[in-house]
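The values are calculated or read from the model by the stated rules, or taken from the named source; none is laboratory data. Worth saying up front: this structure is predicted, and the values here are computed from it rather than measured. Because the Cβ atoms are built from the backbone with ideal geometry, glycine has one as well, and the counts that use them run over all protein chains shown.
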Amino acid sequence: MTAASGPHIMLVAGEPSGDVLGADLMQALKEMLGGQVRFSGVGGPLMQAEGITSVFPMTDIAVMGPREVIPRLPLIFRRMKQTIDHAVAHQPDVMVIIDSPDFTHIVARRVKRRAPRIPIINYVSPSVWAWRRGRARAMAKYLTRVMALLPFEPTFFKAEAGLDCVYVGHPAIERLPEQGSGARFRASHGIAPEAPVLLVLPGSRTNEVRRLLSVFGETVARLHAALPELRVVVPTVPHVRDAVIAAAKAWKVPALIVEDDMEKRAAFDASTAALAASGTVSLELGLARVPMVIGYRIDAFAGAIVGRMLKVPSVVLVNLILDRPSVREFLQGACTPPALAQALLPLLGNTPQRARALADLDEMRSLMGVAGEPPSRRAARAVLEVLATQALRKPQ
């Protein structure tokens, strides 16, 4: 490291969501270091726009599922070796691996063996607290620090593995709906200010969408029978768009399909309550103060295996953050239209249940530090702390 060039930070991201996180982190680091920083590693177009020189195109490793991964294994292994060789050859002052654990953690382990002086930071830890708790101890052998997205993770990693872990915040905090966007959304779509609006979020994976659309559609019909003024909004993503539109056409209640990202955020702000599949979306809804009910179904055999492996009392992140069952969840056989409708109905009116749900979400937002420093700057600060510690350890 030299005063003129600043620290050399290597970042490794393996998919588009990691590219977003990496770009935000790089921008924050440049601001905090006055531009005196060098980047290298693996990143997509957003990270490249912030100044990273990518060893190879990130699209080479941004694949999901056995059908995509297996044919590309030789290329993925070559890219893995290139990443490791780059770290060993260039000896960055710190390496940050971002999500994509099947790639990044193998890289981290091998870099640690070949270049043990390079501190390695994991940004977005795998959910070992939910499935494989013993993996935390293995991670402690090659990681210097974990930057956590969830506020309960530091306590877990310290207790389970003595691993340094700091909470930096979830990126969804930086993508909350704009103030007033909900009122504009209602006005632009002819939705009365007092009309209840239900968000329906059946997921982003093809299989989960297919399993949930009919159940969610029947639930909507039951709610509409009780609340004729109910309006339904369905945010979706391109790869399941056609399936969502086809299913929604068969519903007894007209549904507004929303695809644009800004429109989706505005829809969150406009909504009264949500019916959602299990996943990160529950956290996004909670941060946007949308009371919700979670429904989820997977294959019965897979469900039985997951049930035995799961080490947490809930699949809803809001509940795990609050450490109590605030959001009602209906999984597998319990995910039925009558049960979902009964749980949702009180959340769509001015009821004690809705008031309690909003109070819980306000508590969750406080625990996640919504009003504090943006997560990308907290993450940058956590990286700089490791750099400072390493500088102190170097012989003068």
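A single entry from R211, R205, R222 fulfils the requirement of being surrounded by 14 or more Cβ atoms within 10 Å (Cβ to Cβ), modelled with pLDDT of 95 or more and not β-branched (V, I, T): R222.
Yes or no: the range 76-88 includes at least one residue that is among the β-branched types (V, I, T) and either touching a strand residue (DSSP E or B) at 6+ places or on another chain (Cβ under 8 Å) or under 30 Å from L317 (Cα atoms) (or both). The answer is yes; a qualifying residue exists. The sole residue among L287, L230 that is under 30 Å from D323 (Cβ atoms) and in contact with a His (Cβ under 9 Å, 6 or more places away or on another chain) is L287. Counting residues in the range 57-67 that are among the basic types (K, R) and at pLDDT below 95 gives one or more. Of all residues in the range 33-57, those that are over 13 Å from D93 (Cβ atoms) and in the same structural domain as D19 (by TED's automatic domain parsing) have Cβ atoms under 7 Å from Cβ atoms of residues that are aliphatic (A, V, I, L, M) and at pLDDT below 95, 6 or more apart or on another chain, in V42/M58; G43/M58; G44/M58; L46/V20.
With respect to the stated conditions, F39 is within 20 Å of R377 (Cβ to Cβ), aromatic (F, W, Y) and surrounded by 13 or more Cβ atoms within 10 Å (Cβ to Cβ). For G51, state whether it is more than 20 Å from the chain's Cα centre (by Cα), closer than 16 Å to L384 by Cα and of a type outside the set (A, V, I, L, M). Criteria not met by G51. In the range 329-365, of all residues being basic (K, R) and in contact (Cβ under 8 Å) with a residue 40 or more places away in the chain, the one that is surrounded by the most Cβ atoms within 10 Å (Cβ to Cβ) corresponds to R365. Among the residues of the range 171-192, those identified as at pLDDT below 95 and either crowded, with 23+ Cβ neighbours inside 10 Å or not small (G, A, S) (or both) are P171, I173, E174, R175, L176, P177, E178, Q179.
Among the residues of the range 243-290, those identified as in a loop (DSSP other than H, G, I, E, B), of a type outside the set (V, I, T) and at pLDDT below 95 are A250, W251, K252, P254, E259, D260, A277, S278, G279.
For every residue, the table says whether it meets (1) closer than 25 Å to A138 by Cβ; (2) touching a strand residue (DSSP E or B) at 6+ places or on another chain (Cβ under 6 Å); (3) in a helix (DSSP H, G or I); (4) not small (G, A, S).
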site	(1), (2), (3), (4)
L11	yes, yes, no, yes
L46	no, no, yes, yes
L73	yes, no, yes, yes
A108	yes, yes, yes, no
K112	yes, no, yes, yes
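Scanning the range 114-152 for residues that are in a helix (DSSP H, G or I) and closer than 17 Å to V166 by Cβ yields A136, M139.
Applying the set (1) modelled with pLDDT under 90; (2) of a type in the set (A, V, I, L, M); (3) closer than 22 Å to Q353 by Cβ to V233 leaves exactly one unmet item: (1). In the range 173-201, the residues that are without any contact (Cβ under 8 Å) to a residue 40 or more places away in the chain form Cβ pairs under 9 Å with partners that are surrounded by 14 or more Cβ atoms within 10 Å (Cβ to Cβ) and polar (S, T, N, Q), at six or more places apart or across chains, as follows: A195/T272. Scanning the range 366-387 for residues that are at pLDDT 95 or above and of a type in the set (G, A, S), we see that the one that is surrounded by the fewest Cβ atoms within 10 Å (Cβ to Cβ) is S366.
The number of residues in the range 2-16 that are buried (at least 17 other Cβ atoms within 10 Å of the Cβ) and modelled with pLDDT under 95 comes to 3.
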